[in-house]
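Notes follow once the structure below has been shown.
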Amino acid sequence: MRIWKRVGLVVAVAGVVAALSASGATTFCTHVYAATPYWQSTGIWLNAGDTIVISARGCVAYWTCHACGSARYCGPNGTGGFAYEPCYLAPRCRRNALVGSIRMWNGAHRYFDVGSCRTLTASVSGYLCLGMNDSVHNGGSYNNHGAWDVSFTIYRRY
């Protein structure tokens, strides 16, 4: 039997806005910027066993030619295919897609695909981080622009 803790607060921390939903879970809204080359922390701590529902929308440029002004765009599901190279933010996840991570106390990341919608139960405790799965080396995100609107609801387990 699972017991879920009701969280009843409204906060605004580091650009993350939270509100209490009818079910007693907390819903947060934020932006994930495509030009940020590393994980963007939400400042939200997840405990192992918490369930989180993430949804995202919008369109970002994952490649821009600064000389001619043309760009290529994608939504939170990315551009197709998986990033097998270790230089990507989340190897083995979809290229240029919205990805998530739980940053544990030792600094290690447990990362996962998000795309436009994802429900998961945290297997470890740590901070929820989000990002665009682009190359973090050789300026992979320097030619990106735009942001996805992301909302997530956390059901606390205790």
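Results, tabulated for the structure shown:
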{"read-out": "Extension reserve of the Thr27-Cys59 stretch, reckoned as 0.36 nm per residue once the Cα distance is removed", "value": "9.3 nm"}
{"read-out": "Peptide ranges 25-32, 127-134 listed from the most packed, as the mean C-beta count within 10 angstrom indicates", "value": "127-134, 25-32"}
{"read-out": "Order by protection proxy (mean Cβ within 10 Å, highest first), peptides 61-71, 77-87", "value": "77-87, 61-71"}
{"read-out": "Between the stretch 69-103 and the stretch 108-152, the alpha-carbon center distance in angstrom", "value": "8 Å"}
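Where a number appears in this text, it was derived from the coordinates with a stated rule and is not lab data. Given the structure is predicted, the values throughout are model-derived calculations rather than measurements. Positions of Cβ are generated from backbone atoms using ideal geometry, with glycine treated the same way; all protein chains shown enter the neighbour counts.
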